[in-house]
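The values are calculated or read from the model by the stated rules, or taken from the named source; none is laboratory data. This one's a predicted model, so the numbers in the text were calculated from it and none came from an experiment. With ideal geometry, Cβ positions are generated from the backbone for all residues, glycine too; neighbour counts draw on all protein chains shown.
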Amino acid sequence: MKRIVLLGASGSIGLQTMDVVEQHPDEFEVVGLSVGQNIPALRQILRKHNIYTVCVQNKEDLPNLQEQYPDITFLYGDEGLEKLVTIEDYDILVNALVGFVGLYPTYKAIETGHDIALANKETLVVGGDLIMPLAKEKKVHIYPIDSEHSAIFQCLQGNHHKDIKRLIITASGGSFRTKTREELEHVTVKEALQHPNWTMGAKITIDSATMMNKGFEVIEAHHLFDIPYEQISVLMHDESIIHSMVEFQDHAILAQLGTPDMRIPIQYALTWPDRYPIHVGEPLDLAKVQTLHFHDADFKRYPLLALAYEVGRRKGNLPAVMNGANEEANQAFREGKIKFLQIEDAVYNAVYQVGFNEVHTIDDLKKADQAARQYVKVFIEDLKEANE
Ligand code: MG
């Protein structure tokens, strides 16, 4: 029996993780979890599962919950998350939080010797240079849940690191892939949220449309697999059937294929090196798919992808600045405060205006994150004034 702590249980990845757990009740048990403010979703989960420790975002939710579920230990806020990942006796942390907020709990869980199944890509984008050495020191495994990284991880099984020539990360191009840059001027939030292949949370769907998400995945791959940026490429692939590939020194390319269903990488992260049956969704039928399309990634069309390579190479605080600026700008776009292309402006300007600093601690990363967010807030205020 694998004992799991799940962060972000009410989000898209969190709910699909619960789905995987419910399919294998003799193999998996969720002993602790966190939800943000979605208390109805928490109650749904508690109807079916015996959870020992639960962390919510707001202290105000505690009295009611404690009264209704007297046997559960309730925690709240950032401190609660830290307690949840360090105190609880468990085997693996599934981190399905979205954003910078996911970094610290991963760090604490590794510090206390827990394996990680990582869906929170920001953890490695922002803190890869601190997280990976710590994981090595603590002899902790980090299993990727991001579909591209799961694919690469699967292709690498039974192969040697020294034989890798190139990682090929596939990209659908997101909801605006058929639009020119001119056409992007006036696109709406609703249009941006229509991803052609995947059903995901709102933040990541917008990140897919800007390809910031793919940029993050390049940085994430660099850290996870210890491969230089020169050997990581992005290949546009319309159907999201090939989830990524690895090219080896002998020019052989291995690919992992499947339907776009996150439960497959979630389950593999929990069962590695074994594979369990999966009872949801349809298996991939290539005769039905018939054709797969590929083309080169256009860095002019997707400037945030280009920026991610640059920032990844320069390291220090810049990945944290890029991520923090993107989180603010992404949210501002969803709230109708800025236009789609202004997300790019905000992130680019933040990276160049905040500037490079070295990073030695998690606190340095927090400072970089805050500086970026502050920069974008002012940037948005200035835009508002210019329009008035
Ligand atoms: Mg992905």
What's the total number of residues in the range 95-127 that are within 16 Å of the ligand (Cβ to nearest atom) and among the small types (Gly, Ala, Ser)? 5
Subset of the range 134-155 [within 29 Å of residue 211 (Cβ to Cβ) and in a helix (DSSP H, G or I)]: 135, 147, 148, 149, 150, 151, 152, 153, 154, 155
Residue count for the range 143-167, restricted to those that are closer than 26 Å to residue 318 by Cα, surrounded by fewer than 24 Cβ atoms within 10 Å (Cβ to Cβ) and within 16 Å of the ligand (Cβ to nearest atom): 2
Condition first: under 21 Å from residue 10 (Cα atoms), touching a Leu at 6+ places or on another chain (Cβ under 8 Å) and among the hydrophobic types (A, V, I, L, M, F, W, C). Now tell me which residues in the range 184-235 satisfy that. 202, 206
Can you spot a residue in the range 22-41 that is surrounded by 15 or more Cβ atoms within 10 Å (Cβ to Cβ), over 26 Å from residue 272 (Cα atoms), charged (D, E, K, R) and modelled with pLDDT of 95 or more? no
Condition check: assigned by TED's automatic domain parsing to the domain that holds residue 245, touching an Asp or Glu at 6+ places or on another chain (Cβ under 7 Å) and more than 13 Å from the ligand (Cβ to nearest atom). Does residue 178 satisfy that? no
Conditions (1) assigned to a loop (DSSP other than H, G, I, E, B); (2) modelled with pLDDT of 95 or more -> residue 4 fails only (1)
Criterion: surrounded by 18 or more Cβ atoms within 10 Å (Cβ to Cβ), in contact (Cβ under 8 Å) with a residue 24 or more places away in the chain and aromatic (Phe, Trp, Tyr) - qualifying residue of 229, 268: 268
Residues being in contact with a strand residue (DSSP E or B) (Cβ under 8 Å, 6 or more places away or on another chain) and within 10 Å of the ligand (Cβ to nearest atom) - total across the range 197-218: 2
The range 168-188, residues that are surrounded by fewer than 20 Cβ atoms within 10 Å (Cβ to Cβ) and aliphatic (A, V, I, L, M): 184, 187
Looking across the range 51-96 at residues that are outside any strand (DSSP E or B) and closer than 18 Å to residue 134 by Cβ, the single one that is farthest from the chain's Cα centre (by Cα) is 86
The range 76-100, residues that are surrounded by fewer than 19 Cβ atoms within 10 Å (Cβ to Cβ), without any contact (Cβ under 8 Å) to a residue 24 or more places away in the chain and at negative phi: 79
Taking the condition at pLDDT 95 or above, farther than 16 Å from residue 176 by Cα and of a type in the set (Lys, Arg), does residue 314 pass? yes
Of those in the range 54-70 that are closer than 10 Å to residue 80 by Cα and either of a type in the set (A, V, I, L, M) or outside the structural domain of residue 97 (by TED's automatic domain parsing) (or both), the residue surrounded by the fewest Cβ atoms within 10 Å (Cβ to Cβ) is 56
Among 174, 158, which is the only one that is touching a His at 6+ places or on another chain (Cβ under 9 Å), assigned to a loop (DSSP other than H, G, I, E, B) and either farther than 29 Å from residue 45 by Cβ or at pLDDT below 95 (or both)? 174
